[in-house]
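K.L.:
Take a look at this one; I'll ask things after.
Values in this text are rule-based calculations from the coordinates and carry no lab data. This is a predicted model, so every value here is computed, not measured. Quick reminder, even Gly has a Cβ in these numbers, built from the backbone with ideal geometry, and neighbours come from all protein chains shown.
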Amino acid sequence: MAYGKYAPADMITPVLLTLILVAALGLFGFTLYRRFLLLKAAGADARFDRLGERIRGVLLYAFGQKKFLTGEQPAGLMHFLIFWGFMVISARTLTLFAQGYDPHFYLAGLHPAGLGGPYLLLKDLVEVGVILAVLIALYRWLLSRPARLFGFKPAENRLAGQSHWEALVILLFILGLMVTDFLYDGGRFVLESDPLTLLEKRWSIVSSGVGLLLSGMGPAAVGVVRDAAWWIHILIILTFLNLLPRSKHFHIITAIPNVFFRKLEPAGALSFMDLEKTETYGTSRMSQFTWKQILDMYSCTECGRCASVCPATASGKPLAPRQLLLDLRDRLYSRERELLQKTDGQGGEGNDAVIVGDNLIHDDVLWSCTTCRACEEACPVLIEYVDKIVDMRRHLVQEEARFPSALNRAFKGMETQSNPWAIGQENRDSWAEGLEVPRLSDHPDAEYLYYVGCAGSFDDRSKKTTLAMVKILKKAGINFAVLGKEELCNGETARRIGNEYLFQTMA
């Protein structure tokens, strides 16, 4: 880095930088490769359709940060600033690495005499925004300490008992990147006076101010600050890079793919199980998750938005979506070697132990879920929680016959009376007594069929919704009819509970 008289020796910097880069990128590549092998070994999941819709989702949810801007504030805006700060500063970071070999290197299109000038202005302003966002984040972690960050008890007792040092280290790393960039430029502006540097100085309004603060020091001291800032910046980047696949910040790499491969079917749709061909009925081991479900585990940011809206968590149940996913991820990482050996034919059944039950995910955790999907609606990286829970329920119901005793009546009611309350089928349309509600048997030419469902037919509160819907349809002049006593349960309750066999029988 031959920037002026006080730069480090020309030969030492490129050689040392090369050695550090090879070591850091080699370790990063090895870790990433192991993570990829786990994805490759996981079950199949068709997620490559409707590419245009998937790309639009990436633009909206990943780059547009929609979930952050519409969610809790100021945390959402803070993340927006940090995300886009990194996007803007990435070009600067690449330039700094390259200038370790060629001090006069500039990325194509970002020469100071061209677009590089406005870019430097934007970069300085963005870095100030990132510093403010990091300070807000540090305030939340160290002083205000919202429950969403530290875990909701009792469901997240394990998370609440952790030290959370990783979050603080990452925030300090981000702060360090911004500060060292200002110090590096400020030092350059003091020591160098060539035309290109002067042009950069005019655009870099914040870095120029830092240079004024440094100008009171002697040239040798400023040179030390400048060179130290460059090296610290480089080392932080490479350390950060290797922390990513080993921490919750892996989402920096996996969040965009996770959004791209999100479920495009209706939110309540569950995976189809071919009962005649499948060898297992549900998920009970890590090796039985699909690659997309593994990618979900990689992508969790531990932000807690899912747990903050979960009715089970709020009511003191043992389920918290975040803790569930973290438990699965921790098991995945701790058994990585065994799982990969199993895929190579070297492992045994003990290497892929059952995770459902007392081993990891307790039955009560799974039965606490209402399958409302509020967690998925809140998740900024579009993680799918409910499908994993239902898959594990399928194992409990269909392989272990292990479920709350109250469900026996529900299953029997659906089998014999076509509703989970076991109320006589002759009462299916009692909600319509005294009303002129057309039956399909009397009006076979009706344009629309209004399927009322079990809750709308038997539950007193849901009946009010049914009656209101009928009034709306009549008021709108819609030609509709209901099945009345001929209507049967569609089995969706059985499916969400995990009894896929009963669902397919009824459907």
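K.L.:
How charged is the neighbourhood of Gln293? Take every other residue with its Cβ under 10 Å from the Cβ of Gln293, and add Lys/Arg as +1 and Asp/Glu as -1. Provide the component values of the computation, followed by the final result.
P.N.:
Values: positive: Lys292, Lys388; negative: Asp45, Asp296, Glu384, Asp387, Asp391.
With Lys, Arg at +1 and Asp, Glu at -1, the neighbours total -3.
K.L.:
What is the sum of charges, Lys and Arg at +1 and Asp and Glu at -1, for the other residues whose Cβ falls under 14 Å from the Cβ of Glu72? Don't skip to the end; give the middle numbers.
P.N.:
Working: positive: Lys66, Lys67, Arg140, Arg148, Arg305; negative: Glu377.
Net of charged neighbours comes to +4.
K.L.:
Let me ask something else. Ranked by Cβ crowding within 10 angstrom, fewest neighbours first, how are His395, His251, His111 ordered?
P.N.:
Numbers: His395 23, His251 20, His111 14.
Final ranking by Cβ density, sparse to dense: His111, His251, His395.
K.L.:
What is the order of Phe150, Phe48, fewest Cβ neighbours within 10 Å to most?
P.N.:
Numbers: Phe150 16, Phe48 9.
Lowest count first: Phe48, Phe150.
K.L.:
With unit charges on the beta carbons (Lys and Arg positive, Asp and Glu negative) and the dipole taken about the Cα centre of the chain, which residue among Ile497, Leu175, Gly29 sits farthest to the positive side?
P.N.:
Leu175
K.L.:
Additional query: Is the shape of the stretch 1-116 rounded, prolate or oblate, going by the alpha carbon gyration tensor and its root eigenvalues a ≥ b ≥ c, with a/c under 1.5 for rounded and a/b larger than b/c for prolate? Don't skip to the answer; put the middle values down first.
P.N.:
Details: a/c = 2.47, a/b = 1.50, b/c = 1.65.
Cα axes put the stretch 1-116 in the oblate bin.
K.L.:
Then there is this: Using all alpha carbons of the stretch 286-398, what is the percent of pairwise distances in each 5 Å bin, ordered from the shortest bin to the longest?
P.N.:
2, 12, 22, 24, 20, 11, 6, 3, 1
K.L.:
Just from the alpha-carbon atoms, what are the Rg and Dmax of the stretch 406-506 in angstroms?
P.N.:
14.3, 43
K.L.:
Then there's this: Under a straight-distance cross-link criterion of Cα-Cα below 18 Å, which lysines are reachable from Lys471, leaving out those fewer than 8 residues away in the same chain?
P.N.:
Lys463
K.L.:
May I ask which of Lys388/Lys474; Lys40/Lys317; Lys40/Lys67 have a Cα-Cα span longer than 31 Å here? Display every interim value, and only then the final one.
P.N.:
Numbers: Lys388/Lys474 41 Å; Lys40/Lys317 35 Å; Lys40/Lys67 29 Å.
Pairs exceeding the cut-off: Lys388/Lys474; Lys40/Lys317.
K.L.:
In the chain, which helices (entire DSSP H runs) extend 15 Å or more along their own long axis, judged by Cα positions, while averaging at least 1.6 on the Kyte-Doolittle scale?
P.N.:
Values: long enough: 12-41 (44 Å, 1.68); 75-99 (35 Å, 1.35); 116-139 (34 Å, 1.65); 165-191 (38 Å, 1.53); 219-243 (36 Å, 1.46); 321-334 (20 Å, -0.62); 386-398 (17 Å, -0.29); 406-416 (16 Å, -0.40); 460-475 (23 Å, -0.61).
Both cut-offs are met by 12-41, 116-139.
K.L.:
Along the Cα→Cβ direction, 7 angstrom out, place labels at Arg373 and Leu16. What is the inter-label distance in nm?
P.N.:
Placing both labels 7 Å beyond Cα along the Cβ direction yields 5.5 nm.
K.L.:
Among all the lysines, which ones have a C-alpha under 18 Å from Lys123's C-alpha, if same-chain residues fewer than 8 places away are not counted?
P.N.:
Lys201
K.L.:
Same structure again: How big is the dipole moment of the stretch 286-398 about its Cα centre under a simple scheme where the beta carbon of each Lys and Arg is +1, that of each Asp and Glu is -1, and everything else is neutral? Debye, nearest 20, please. Walk me through the numbers on the way to the answer.
P.N.:
Details: 13 positive and 17 negative charges, 41 e Å.
With Lys and Arg at +1 and Asp and Glu at -1, about 200 debye.
K.L.:
Next question, about the same structure. Based on the alpha carbons, how large is the Rg to Rh ratio for the chain when Rh follows Kirkwood?
P.N.:
1.09
K.L.:
Please rank Tyr385, Tyr333, fewest neighbouring Cβ atoms within 10 Å first, as an exposure proxy. Numbers along the way, then the final one.
P.N.:
On the way: Tyr385 24, Tyr333 16.
Least to most surrounded, the residues fall as Tyr333, Tyr385.
K.L.:
When N is the residue count of the stretch 62-117, what does its C-alpha Rg come to as a fraction of 2.2 N^0.38 Å?
P.N.:
Numbers: Rg = 15.6 Å, N = 56, 2.2 N^0.38 = 10.2 Å.
The reported ratio for this selection is 1.53.
K.L.:
Follow-up. Mind listing which trypsin sites (Lys or Arg not before Pro) in the stretch 92-155 are in a DSSP loop and have 16 or fewer other Cβ atoms within 10 Å?
P.N.:
Details: sites: Arg92, Lys123, Arg140, Arg148; in loops: none.
Counting only loop positions with at most 16 other Cβ atoms within 10 Å, none of the trypsin sites (Lys or Arg not before Pro) in the stretch 92-155 qualifies.
K.L.:
Loop-only check: which trypsin sites (Lys or Arg not before Pro) in the stretch 246-305 are DSSP coil with at most 14 other Cβ within 10 angstrom?
P.N.:
On the way: sites: Arg246, Lys248, Arg262, Lys263, Lys277, Arg285, Lys292, Arg305; in loops: Arg262, Lys263, Lys277, Arg285.
Those that pass, being in a loop and sparsely packed, are Lys277.
K.L.:
Which Cys residues of the chain have no other Cys beta carbon under 4.7 Å away?
P.N.:
Flagged as lacking a Cys partner: Cys300, Cys303, Cys310, Cys369, Cys372, Cys379, Cys454, Cys489.
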